[in-house]
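Structure record follows, encoded as C-alpha coordinates.
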Amino acid sequence: MNIILLGPPGAGKGTQAHHLVDERGMIQLSTGDMLREAKASGTEMGKRVAAVMARGDLVTDDIVIGLIREKLEGDKGGGFIFDGFPRTLPQADALGQLLADCGERLDAVIEMQVDDDALVDRITARSTCAGCGAVYNDNTKPVPADGVCTNCGEPHEFIRRADDNEQALRNRLMEYYKKTSPLIGYYYAKGMLSSVNGLGAIEDVRDSIAGVLDA
Ligand code: AMP
(Lines give C-alpha, C1' and ligand atoms only; values in the text may rest on other atoms or scores of the structure.)
Protein backbone atom coordinates (compact mmCIF):
# COMPACT_ATOMS: atom_id res chain seq x y z
CA MET A 1 0.00 0.00 0.00
CA ASN A 2 1.36 3.43 -0.96
CA ILE A 3 -0.10 6.48 0.72
CA ILE A 4 0.38 10.23 1.00
CA LEU A 5 0.04 12.05 4.31
CA LEU A 6 -1.05 15.54 3.35
CA GLY A 7 -1.26 18.50 5.69
CA PRO A 8 0.37 21.77 6.72
CA PRO A 9 3.62 21.91 8.71
CA GLY A 10 2.94 20.67 12.24
CA ALA A 11 -0.13 18.62 11.28
CA GLY A 12 1.57 15.51 12.70
CA LYS A 13 2.56 13.80 9.45
CA GLY A 14 5.97 12.72 10.74
CA THR A 15 4.58 11.39 14.03
CA GLN A 16 1.93 9.33 12.28
CA ALA A 17 4.39 8.13 9.64
CA HIS A 18 6.59 6.73 12.43
CA HIS A 19 3.61 4.73 13.76
CA LEU A 20 2.93 3.31 10.32
CA VAL A 21 6.58 2.33 9.93
CA ASP A 22 6.50 0.52 13.29
CA GLU A 23 3.11 -1.10 12.90
CA ARG A 24 2.93 -1.93 9.21
CA GLY A 25 6.54 -2.11 8.05
CA MET A 26 5.96 0.75 5.65
CA ILE A 27 8.80 2.99 4.46
CA GLN A 28 8.61 6.70 5.27
CA LEU A 29 9.78 8.96 2.46
CA SER A 30 10.09 12.45 3.92
CA THR A 31 11.60 14.92 1.46
CA GLY A 32 12.14 17.33 4.37
CA ASP A 33 14.29 14.70 6.16
CA MET A 34 16.20 13.94 2.95
CA LEU A 35 16.92 17.63 2.37
CA ARG A 36 18.05 18.13 6.00
CA GLU A 37 20.36 15.12 5.61
CA ALA A 38 21.82 16.59 2.40
CA LYS A 39 22.35 19.88 4.22
CA ALA A 40 23.97 18.21 7.25
CA SER A 41 26.33 16.14 5.13
CA GLY A 42 27.36 19.24 3.17
CA THR A 43 26.55 18.03 -0.36
CA GLU A 44 26.40 20.61 -3.20
CA MET A 45 22.62 20.25 -3.33
CA GLY A 46 22.42 20.53 0.47
CA LYS A 47 24.27 23.85 0.34
CA ARG A 48 21.99 25.14 -2.43
CA VAL A 49 18.76 24.39 -0.53
CA ALA A 50 19.86 25.50 2.95
CA ALA A 51 18.83 29.16 2.62
CA VAL A 52 15.57 28.30 0.85
CA MET A 53 14.60 25.92 3.66
CA ALA A 54 15.63 28.36 6.40
CA ARG A 55 13.25 30.94 4.89
CA GLY A 56 10.44 28.40 4.73
CA ASP A 57 10.16 28.54 0.93
CA LEU A 58 9.80 25.44 -1.23
CA VAL A 59 12.84 24.02 -3.01
CA THR A 60 12.49 23.32 -6.74
CA ASP A 61 10.31 20.49 -8.00
CA ASP A 62 13.25 18.94 -9.88
CA ILE A 63 15.29 18.46 -6.70
CA VAL A 64 12.57 16.73 -4.66
CA ILE A 65 11.30 14.66 -7.58
CA GLY A 66 14.89 13.44 -8.08
CA LEU A 67 15.14 12.47 -4.41
CA ILE A 68 11.90 10.49 -4.55
CA ARG A 69 12.85 8.82 -7.84
CA GLU A 70 16.01 7.42 -6.23
CA LYS A 71 14.08 6.00 -3.26
CA LEU A 72 11.44 4.32 -5.40
CA GLU A 73 14.18 2.29 -7.03
CA GLY A 74 15.11 0.77 -3.65
CA ASP A 75 13.38 -1.52 -1.13
CA LYS A 76 9.59 -1.15 -1.22
CA GLY A 77 8.93 -2.75 2.20
CA GLY A 78 5.26 -2.74 3.21
CA GLY A 79 4.63 0.23 0.92
CA PHE A 80 5.62 3.88 0.92
CA ILE A 81 4.37 6.74 3.06
CA PHE A 82 4.96 9.99 1.23
CA ASP A 83 5.43 12.60 3.96
CA GLY A 84 5.82 16.21 2.80
CA PHE A 85 5.75 15.13 -0.86
CA PRO A 86 4.10 16.03 -3.18
CA ARG A 87 3.76 19.71 -2.29
CA THR A 88 2.89 21.10 -5.74
CA LEU A 89 0.73 19.97 -8.64
CA PRO A 90 3.77 19.19 -10.86
CA GLN A 91 5.16 17.03 -8.02
CA ALA A 92 1.81 15.20 -7.79
CA ASP A 93 1.83 14.51 -11.54
CA ALA A 94 5.45 13.34 -11.32
CA LEU A 95 4.66 10.99 -8.43
CA GLY A 96 1.85 9.35 -10.39
CA GLN A 97 4.22 8.80 -13.30
CA LEU A 98 7.10 7.53 -11.14
CA LEU A 99 4.84 5.01 -9.41
CA ALA A 100 3.40 3.81 -12.72
CA ASP A 101 6.94 3.43 -14.09
CA CYS A 102 7.82 0.98 -11.32
CA GLY A 103 4.53 -0.90 -11.46
CA GLU A 104 3.11 0.69 -8.31
CA ARG A 105 0.12 2.90 -7.62
CA LEU A 106 -1.16 5.26 -5.00
CA ASP A 107 -3.77 3.69 -2.72
CA ALA A 108 -4.84 6.56 -0.46
CA VAL A 109 -4.25 10.22 0.27
CA ILE A 110 -4.95 11.16 3.87
CA GLU A 111 -5.45 14.82 4.60
CA MET A 112 -4.70 15.70 8.24
CA GLN A 113 -6.88 18.67 9.18
CA VAL A 114 -5.68 21.07 11.88
CA ASP A 115 -6.19 24.76 12.60
CA ASP A 116 -3.44 27.37 12.36
CA ASP A 117 -3.33 28.22 16.08
CA ALA A 118 -2.63 24.58 16.94
CA LEU A 119 0.14 24.51 14.32
CA VAL A 120 1.96 27.49 15.80
CA ASP A 121 1.73 25.97 19.29
CA ARG A 122 2.95 22.58 18.09
CA ILE A 123 5.80 23.82 15.97
CA THR A 124 7.29 26.26 18.43
CA ALA A 125 7.26 23.49 21.10
CA ARG A 126 8.69 20.78 18.82
CA SER A 127 11.99 18.91 18.99
CA THR A 128 13.13 15.70 17.31
CA CYS A 129 15.51 12.89 18.22
CA ALA A 130 18.73 13.31 16.23
CA GLY A 131 18.97 9.54 15.90
CA CYS A 132 15.56 8.35 14.73
CA GLY A 133 13.58 11.54 14.11
CA ALA A 134 10.92 10.78 16.76
CA VAL A 135 8.97 13.94 17.48
CA TYR A 136 8.64 15.41 21.00
CA ASN A 137 6.58 18.36 22.24
CA ASP A 138 7.39 20.49 25.29
CA ASN A 139 3.75 20.41 26.43
CA THR A 140 2.31 17.05 25.40
CA LYS A 141 5.33 14.74 25.09
CA PRO A 142 8.43 16.26 26.69
CA VAL A 143 11.94 15.04 25.92
CA PRO A 144 12.79 12.27 28.46
CA ALA A 145 14.69 13.62 31.47
CA ASP A 146 17.37 10.90 31.09
CA GLY A 147 18.03 11.93 27.48
CA VAL A 148 17.18 8.44 26.16
CA CYS A 149 14.76 8.52 23.23
CA THR A 150 11.64 6.46 24.00
CA ASN A 151 11.37 5.46 20.35
CA CYS A 152 14.88 4.22 19.50
CA GLY A 153 16.04 3.57 23.08
CA GLU A 154 19.33 5.42 22.47
CA PRO A 155 20.74 8.53 24.14
CA HIS A 156 20.69 11.26 21.48
CA GLU A 157 20.56 15.00 21.12
CA PHE A 158 17.06 16.46 20.74
CA ILE A 159 17.06 19.07 18.02
CA ARG A 160 14.94 22.15 17.33
CA ARG A 161 14.67 22.68 13.59
CA ALA A 162 16.13 25.93 12.20
CA ASP A 163 12.85 26.63 10.37
CA ASP A 164 10.62 26.05 13.42
CA ASN A 165 10.49 29.78 14.20
CA GLU A 166 7.59 32.16 13.75
CA GLN A 167 8.81 33.99 10.62
CA ALA A 168 9.73 30.83 8.71
CA LEU A 169 6.53 29.16 9.87
CA ARG A 170 4.43 32.04 8.50
CA ASN A 171 6.15 31.49 5.13
CA ARG A 172 5.72 27.72 5.27
CA LEU A 173 2.01 28.11 5.95
CA MET A 174 1.67 30.57 3.05
CA GLU A 175 3.49 28.13 0.75
CA TYR A 176 1.16 25.37 1.95
CA TYR A 177 -2.04 27.29 1.25
CA LYS A 178 -0.83 28.65 -2.10
CA LYS A 179 0.92 25.63 -3.58
CA THR A 180 0.06 22.46 -1.63
CA SER A 181 -3.60 22.83 -0.64
CA PRO A 182 -4.71 22.59 -4.33
CA LEU A 183 -3.66 18.93 -4.05
CA ILE A 184 -6.70 18.36 -1.83
CA GLY A 185 -8.94 19.05 -4.84
CA TYR A 186 -6.61 17.17 -7.17
CA TYR A 187 -6.84 13.92 -5.18
CA TYR A 188 -10.52 14.43 -4.34
CA ALA A 189 -11.23 14.53 -8.06
CA LYS A 190 -9.32 11.25 -8.45
CA GLY A 191 -11.48 9.68 -5.72
CA MET A 192 -8.46 9.08 -3.48
CA LEU A 193 -8.89 11.64 -0.73
CA SER A 194 -9.81 10.86 2.89
CA SER A 195 -9.66 13.45 5.65
CA VAL A 196 -8.99 12.88 9.34
CA ASN A 197 -9.11 15.28 12.26
CA GLY A 198 -5.45 15.88 13.12
CA LEU A 199 -6.22 17.84 16.27
CA GLY A 200 -6.97 14.97 18.64
CA ALA A 201 -4.61 12.90 20.79
CA ILE A 202 -1.86 11.11 18.83
CA GLU A 203 -3.54 7.73 19.44
CA ASP A 204 -6.93 9.00 18.21
CA VAL A 205 -5.38 10.32 15.00
CA ARG A 206 -3.53 7.03 14.60
CA ASP A 207 -6.85 5.13 14.93
CA SER A 208 -8.53 7.39 12.37
CA ILE A 209 -5.72 6.76 9.89
CA ALA A 210 -5.87 3.00 10.56
CA GLY A 211 -9.62 3.19 9.89
CA VAL A 212 -8.97 4.68 6.46
CA LEU A 213 -6.23 2.19 5.57
CA ASP A 214 -8.18 -0.86 6.72
CA ALA A 215 -11.47 0.18 5.11
P1 AMP B 1 9.25 19.44 6.10
O2 AMP B 1 10.23 18.71 6.95
O3 AMP B 1 8.38 18.53 5.29
O4 AMP B 1 8.46 20.46 6.88
O5 AMP B 1 10.11 20.27 5.03
C6 AMP B 1 11.04 21.24 5.44
C7 AMP B 1 11.41 22.14 4.27
O8 AMP B 1 12.01 21.36 3.22
C9 AMP B 1 10.23 22.83 3.56
O10 AMP B 1 9.86 24.03 4.24
C11 AMP B 1 10.82 23.10 2.19
O12 AMP B 1 11.75 24.16 2.21
C13 AMP B 1 11.60 21.81 1.94
N14 AMP B 1 10.77 20.75 1.32
C15 AMP B 1 10.45 19.55 1.87
N16 AMP B 1 9.69 18.81 1.03
C17 AMP B 1 9.52 19.58 -0.07
C18 AMP B 1 8.82 19.38 -1.29
N19 AMP B 1 8.12 18.25 -1.53
N20 AMP B 1 8.86 20.38 -2.21
C21 AMP B 1 9.55 21.51 -1.99
N22 AMP B 1 10.22 21.77 -0.85
C23 AMP B 1 10.21 20.81 0.10
query = Within a Cβ distance under 15 Å of Gly10, other residues only, what is the Lys/Arg minus Asp/Glu net charge?
reply = -2
note = For the chain, the accessible surface attributable to carbon and sulfur atoms (probe 1.4 angstrom, ligands and nucleic acids excluded) amounts in percent to 50 percent
key: Kirkwood estimate for the range 1-126, i.e. one over the average of 1/r between Cα atoms, Å   = 15.3 Å
task = For n ≥ 4 DSSP H runs only, could you compute -39500 (n - 2.57) per run for the chain, divide by its residues and tell me the 222 nm figure to the nearest 500?
result = -14000 deg cm²/dmol
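Go through Val52, Val196 and list them by solvent-accessible area, largest first, probe radius 1.4 Å.
Details: Val52 30, Val196 10 Å².
The ranking, largest first, comes out as Val52, Val196.
For the chain, give the magnitude of the charge dipole about the Cα centre (Cβ charges: +1 Lys/Arg, -1 Asp/Glu; no others), in debye to the nearest 20. Intermediate values should be presented prior to the final figure.
Numbers: 23 positive and 33 negative charges, 107 e Å.
Rounded to the nearest 20 debye, it is 520 debye.
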inquiry  = Pairs on different chains or at least eight residues apart, Cα atoms closer than 26 Å: how many lysine pairs in the chain fit?
reply    = 21
inquiry  = I'd like to check one number: the per residue accessible area of the chain, probe 1.4 Å, reported in Å² as a whole number.
reply    = 49 Å²
ask   = When the chain is modelled as a GNM with alpha-carbon springs shorter than 10 Å, which of Lys39, Lys13, Lys190 fluctuates the most?
value = Lys190
message = In Å, what Kirkwood hydrodynamic radius results for the chain from the alpha-carbon pair distances?
response = 17.7 Å
Accessible-area order (highest first, 1.4 angstrom probe) of the listed residues Ser127, Ser41 = Ser41, Ser127
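How long is the gain from Arg48 to Arg161 if the chain were fully straight, where each residue apart is worth 0.36 nm and the alpha carbon distance is subtracted? Don't skip to the end; give the middle numbers.
On the way: separation 113, 0.36 × 113 = 40.68 nm, distance 1.78 nm.
Gain on stretching Arg48 to Arg161: 38.9 nm.
The values are calculated or read from the model by the stated rules, or taken from the named source; none is laboratory data. This structure is a prediction, so every number in the text was calculated from the model and none was measured. We place every Cβ from the backbone using ideal geometry, glycine too, and count neighbours over all the protein chains shown. Surface accessibility is based on the protein's heavy atoms, side chains included, excluding ligands, DNA and RNA. Shrake-Rupley method; radii C 1.70, N 1.55, O 1.52, S 1.80 Å.
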